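The values are calculated or read from the model by the stated rules, or taken from the named source; none is laboratory data. These numbers come from a predicted model, not from an experiment. No Cβ is skipped: glycine too gets one built from the backbone with ideal geometry, and neighbour counts run over all protein chains shown.
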Amino acid sequence: MRIYIPSMDEFFDWMDAAGYRYAVLRGFLDYETAGYPAHGGKGDIDILVDDAALMPLHARYGDYQQQQGGKCDIRTVSGIERSLEGQAEKPSYYPQPLAEGILSSRRRWKERFYVPGARMHLMSLIYHICYQKKEKNSKIHIDDPAKSTQSKYCRELDMLTKELGIELPYTLMDFHRYLQKNGCAAPYDHVLHYLRQEYSKSFKSPFLGRVSAEFPGEMNLFVIREAAIKAKKHIRLILALRKHYKVVAVKYIPFMTRATQSRKMRGNKWQRSRGGKPFIAVAVFDPFPIAPSAEKRLKQPHVTNARQFIKEDLRKQFAEETGLKLSRNPMHSTDNEAEALAHLHLFFTKEEHKKLLDKVARLRHAMMAGEHPEKKTLC
């Protein structure tokens, strides 16, 4: 929830007097010299509060406009502020254990307001860097600390690691591993949300791709195109996918969805000369992905499961049987699970989307429990 606060000192005094827990999450090192963000400016303050504080805050400050106060983004432990914003389907800003840890460990800063204790401050900061800012906006490299030195977060990270007496390379993967070790890594629903955000901006985060690849098995999304429908080969393609994957959903794509959503899918070459628009969406799950060869990784670096290359053989077979050019591609797919997760909402309703992800979650749970479900459709 975004609010504009006329006086930050008055705000902190009021929160303390009311007994609501809160913590200024980051960036407060600058407030001592530069002061709080200016009224009407671009700067903002991120504050985590108890759930119980949300409605009183909204009642007290909700009517102030941009020029009347400093910009504050209010986060809660459970994420209930999403409902006020009309975004109830989005996950909380932090996983609840991490958010509760921040408020439970808070400490006074310069006798002015509360901030997270050093350990939770570090974890909340690197969570923010890893999953919410990622490589593009954080300027922290995936795996090379030497390429992270220009990040604006280095000063705060230096202070925290020194206070805690730890050595932590400044890379996204090292931050991710540290969060995993401490039980604060982004859960599956949060990763899914961050992936959707990235792909909505036409940006592919290699870091999020690596994170999503750590979940057992791999989900992917195939779309059967107009050329296959006209040649009456679509059933054969679905059967071929069933031989190699567990099919979790098959859906005929309505006309208006094809017209409006296909251009948002990666690839975006939907001319009839290239195979036409997508007509059928097929979501699949592979319990045991195969690592691509070095040669394949060089050509298609984002593909994480070599089984996906069956579509090349299917394309050749389609061309031979129909006499059409190889360019008339009968089937397209996303490169990996990260990309698939970011595209599901294009073709599946919210209810269908949830059912599909529930099926994948059950398959993963069975795998982690040591079970090996039969290869069969789950539709």
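For region 84-123, which residues satisfy the criterion of being assigned to a helix (DSSP H, G or I), out of contact with any Pro (no Cβ under 6 Å at 6 or more places or on another chain) and in contact (Cβ under 8 Å) with a residue 60 or more places away in the chain? Steps first, please.
Taking region 84-123 first, the residues assigned to a helix (DSSP H, G or I) are 84, 96-104, 118-123.
Within this subset, residues satisfying the condition of being out of contact with any Pro (no Cβ under 6 Å at 6 or more places or on another chain) are 84, 96-101, 103-104, 118-123.
Result: LEU84, PRO97, LEU98, GLY101, LEU103, HIS121, MET123.
Determine if region 242-259 includes at least one residue that is part of a loop (DSSP other than H, G, I, E, B), among the charged types (D, E, K, R), surrounded by 17 or more Cβ atoms within 10 Å (Cβ to Cβ) and in contact (Cβ under 8 Å) with a residue 24 or more places away in the chain.
If we filter region 242-259 for residues that are part of a loop (DSSP other than H, G, I, E, B), which is where we start, we get 245, 253-254.
Still in the running and among the charged types (D, E, K, R): none.
Among the residues of region 242-259, not one is part of a loop (DSSP other than H, G, I, E, B), among the charged types (D, E, K, R), surrounded by 17 or more Cβ atoms within 10 Å (Cβ to Cβ) and in contact (Cβ under 8 Å) with a residue 24 or more places away in the chain, which makes the answer no.
Take region 260-277 and flag every residue that is within 25 Å of the chain's Cα centre (by Cα) and in a loop (DSSP other than H, G, I, E, B). Give the steps one after another, and end with the answer.
Just the residues of region 260-277 that are within 25 Å of the chain's Cα centre (by Cα), to begin with: 260-268.
Correct list: MET265, ARG266, GLY267, ASN268.
Among the residues of region 320-342, write down those that are small (Gly, Ala, Ser) and part of a helix (DSSP H, G or I).
Hits for region 320-342 are ALA338, ALA340, ALA342.
Could you list, in sequence order, the residues of region 209-239 that are surrounded by 22 or more Cβ atoms within 10 Å (Cβ to Cβ) and either outside the structural domain of MET331 (by TED's automatic domain parsing) or out of contact with any helix residue (DSSP H, G or I) (no Cβ under 8 Å at 6 or more places or on another chain) (or both)?
Across region 209-239, the qualifying residue is only ARG225.
Evaluate the following for ASN329: is it farther than 23 Å from LEU239 by Cβ, among the polar types (S, T, N, Q) and surrounded by 20 or more Cβ atoms within 10 Å (Cβ to Cβ)?
Details: farther than 23 Å from LEU239 by Cβ: no; among the polar types (S, T, N, Q): yes; surrounded by 20 or more Cβ atoms within 10 Å (Cβ to Cβ): yes.
No.
Collect the residues in region 10-35 that are surrounded by fewer than 12 Cβ atoms within 10 Å (Cβ to Cβ) and under 20 Å from PRO116 (Cβ atoms), keeping them in residue-number order. Quick ask: steps written out before the conclusion?
Kept after step one, since they are surrounded by fewer than 12 Cβ atoms within 10 Å (Cβ to Cβ), are these residues of region 10-35: 10, 17, 19, 32-35.
Passing the criteria: GLY19, GLU32.
With at positive phi, more than 28 Å from the chain's Cα centre (by Cα) and at pLDDT 95 or above as the only criterion, which of GLY19, GLY40, GLY35 stands out?
GLY19
Which numbered condition in (1) hydrophobic (A, V, I, L, M, F, W, C); (2) under 28 Å from ASP189 (Cα atoms); (3) surrounded by 16 or more Cβ atoms within 10 Å (Cβ to Cβ); (4) free of Cβ contacts under 8 Å to residues at least 40 places away in the same chain is the only one that ALA291 fails?
(3)
Scan region 62-119 for residues that are closer than 18 Å to LEU29 by Cβ and among the β-branched types (Val, Ile, Thr) and report the count.
Summing the residues that are closer than 18 Å to LEU29 by Cβ and among the β-branched types (Val, Ile, Thr) in region 62-119 gives 2.
Given the structure, is ARG307 surrounded by 15 or more Cβ atoms within 10 Å (Cβ to Cβ), assigned by TED's automatic domain parsing to the domain that holds HIS244 and in a loop (DSSP other than H, G, I, E, B)? Talk me through it step by step, then tell me what you get.
Details: surrounded by 15 or more Cβ atoms within 10 Å (Cβ to Cβ): yes; assigned by TED's automatic domain parsing to the domain that holds HIS244: yes; in a loop (DSSP other than H, G, I, E, B): no.
It is false that ARG307 is surrounded by 15 or more Cβ atoms within 10 Å (Cβ to Cβ), assigned by TED's automatic domain parsing to the domain that holds HIS244 and in a loop (DSSP other than H, G, I, E, B).
Looking at region 135-158 only, could you name the residues that are assigned to a helix (DSSP H, G or I), surrounded by fewer than 21 Cβ atoms within 10 Å (Cβ to Cβ), within 17 Å of the chain's Cα centre (by Cα) and touching a residue at least 24 places away in the same chain (Cβ under 8 Å)?
We begin by selecting, within region 135-158, every residue assigned to a helix (DSSP H, G or I); these are 135-138, 145-147, 154-158.
From the residues that got through so far, the ones that are surrounded by fewer than 21 Cβ atoms within 10 Å (Cβ to Cβ) too are 135-137, 145-147, 154-158.
Applying the additional criterion that residues be within 17 Å of the chain's Cα centre (by Cα) yields 135-137.
Passing the criteria: GLU135, LYS136.
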